[in-house]
Each structure stands twice: as C-alpha cells, then as structure tokens.
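Following: one structure in structure tokens, then a few remarks.
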Amino acid sequence: MGGPGSGSWYRFNTKDLVEDCYSVDINRWHREGLLQPGLYFSWAWKDSRGDVKASIGVKTLPGAVELAYTVTPRNGEAQEIRYQVPLTYTPCNYGGERPWFVCPGMGCGRRVAKLYLRGKYFLCRYCHDLAYESQREDKATRFLRKAQKIRRRLGGHPGLVYPFPEKSKGMHWKTYYRLRFEAAEAEWASWVALQEKLKRWQASLQRAEEELKGLKGRWQKWA
Ligand SMILES: [Zn+2]
C-alpha cells in the first residue's frame, strides 16, 4: 500500500461524500494497536460487497497521526490533502490511558473519539455542524434576497411583513402573477432553510445539555 510521499494517493469521490460520511475512530485504532509511533498503515472503507470505496494513509508520530488522502471536488481537480491530528490521553477508570483525537478544525481543539470526513477534512461533528449551518444560513438569505428583489422591482417595500405590491399599470397580469409566484416560492424556500437551521440548533442544544450533565456528575464525584 502506498501513502504520503510514496506517490500513491487514496481516492474519494464527492458523490460518496454526500451519501455517507467517512469516519475514523481512535478507540478502534487503539484496540488494534495502530497508535504506536512509527507505524504506517492504510485505513479503508468498504461497501456492502466488500469492495474498497475509499482509503487514507495514516502515519503515526509521537503525540499525533498524519492523515493523507486525495479528494476530488465536484467539477474540480483532485487535491492532495495531508495534515497532522494531535492526540491526547486521559486516565481510564480501570487503569491505563484512553486516547483522543484533538480536532484539527480551526479554533476547535475539542477532544473527540471520532472524526468525520465531509468536504475536504476529517473534523469533529461540532465543526461540521457549524459549516453545515452557515451553508443553510446562506441559502435562507439568498432566497430572502430574491423575494425582496421582486418586491422592489414591483415598486413595493422589500420587507416581507408588508403586503405584496400591487400590479403597476403597464404590466401584464401574466407577468405580475409569475413574479408573485416566484416571490412566494423564494419566501417559502427561505423559511424552509431557516427551519433546517433551527433543527440543527436544537440538536446542538441537546448535545450541550448532555455534556453539561455529564460534567456536573463528574465534578460532584470529586467534591
Ligand atoms: Zn472540531
């Protein structure tokens, strides 16, 4: 198997990426003895028939792993990606140490057991949710702007709380109703995008609450 520097790179299709999420699990690597420094291995994901769908090269360093793979964005050229993910260890209840990835997302640094590939990088689920959320926000804003533009074009107020502008004298009814339909559709799509965003927030809220509960219990144990 090849890997970083060997000239053989691992392939990902963006089509696959949309459908399922590739993840790496540090506990699994730990169990299989793959975390000792100086190792070099490839990690593969297989489909239901057992064929390799994608794989990455992993190099183990003292206190970090280096991931190397190729990502081909839609309508784009293949890109070689390589970066280090720091590792950290916490003592286990039953002795020994438990390893964690330190998420390499910008400004993140969360201690996590799993990293997920979406887009180009393996990051923690919090980082991916943030990226997903900002995409939704863009979508909501884009549709809102479209609805506002049509309202302005008809000489009305862009605000959605104002009534939809009347047909101007020179305009055909057909054109008016087409624009009105387009504005209504854009407004609806904007609310749908916002609703998706709220769902993500709900999930984030639940996770934050669970983490808070877990930490509270731990602290009480020490008190
Ligand atoms: Zn992260």
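The numbers here are math on the coordinates, done by the rules we state, and not lab data. Bear in mind the structure is a predicted one, so any value in this text is a computation, not a measurement. All Cβ positions, glycine included, derive from the backbone under ideal geometry; neighbour counts span all protein chains shown.
Relative to the dominant Cα principal axis of the chain, helix 173-222 is inclined by about 30°.
From helices alone, the chain scores -14500 deg cm²/dmol at 222 nm; the rule is -39500 (n - 2.57) for each run of n ≥ 4 DSSP H residues, then divide by the residue total. Over the chain, what is the mean sequence separation of C-alpha contacts under 8 Å (at least six apart), divided by residue count, expressed as relative contact order in percent? In percent, rounded to a whole number, it is 14.
Lys-Lys pairs in region 129-222 that are eight or more residues apart or on separate chains and whose Cα atoms lie under 25 Å of each other come to 15.
Between the residues Ile26, Phe122, Cys108, the greatest Cα displacement towards the positive end of the dipole of region 14-123, with unit charges on the Cβ of Lys, Arg, Asp and Glu, is found for Cys108. Relative to the longest principal axis of the C-alpha atoms of the chain, give the angle of the C-alpha long axis of helix 125-153, reported between 0 and 90° and rounded to the nearest 10°. Compared with the principal axis, the helix lies near 10 degrees.
Shape of the chain from its Cα gyration tensor (a ≥ b ≥ c, root eigenvalues): rounded if a/c is under 1.5, otherwise prolate when a/b > b/c, or oblate?
oblate
Annotation: extensible slack from Gln36 through Met106 equals 22.6 nm (criterion: 0.36 nm per residue apart, minus Cα-Cα distance). The modelled label-to-label distance between Arg98 and Glu166, using points 7 Å beyond Cα along the C-beta direction, is 6.9 nm. Counted by Cβ distance under 9 Å from Phe143, the other residues give a net charge of +2, where Lys and Arg count +1 and Asp and Glu count -1. Dipole magnitude for the chain: about 940 debye, using +1 per Lys or Arg Cβ and -1 per Asp or Glu Cβ, origin at the Cα centre.
Here region 14-123 is treated with +1 on each Lys and Arg Cβ and -1 on each Asp and Glu Cβ, and its dipole about the Cα centre works out to around 200 debye. If the segment from Lys199 to Phe181 were pulled out straight at 0.36 nm per residue, it would be longer than the present Cα-Cα gap by 3.8 nm.
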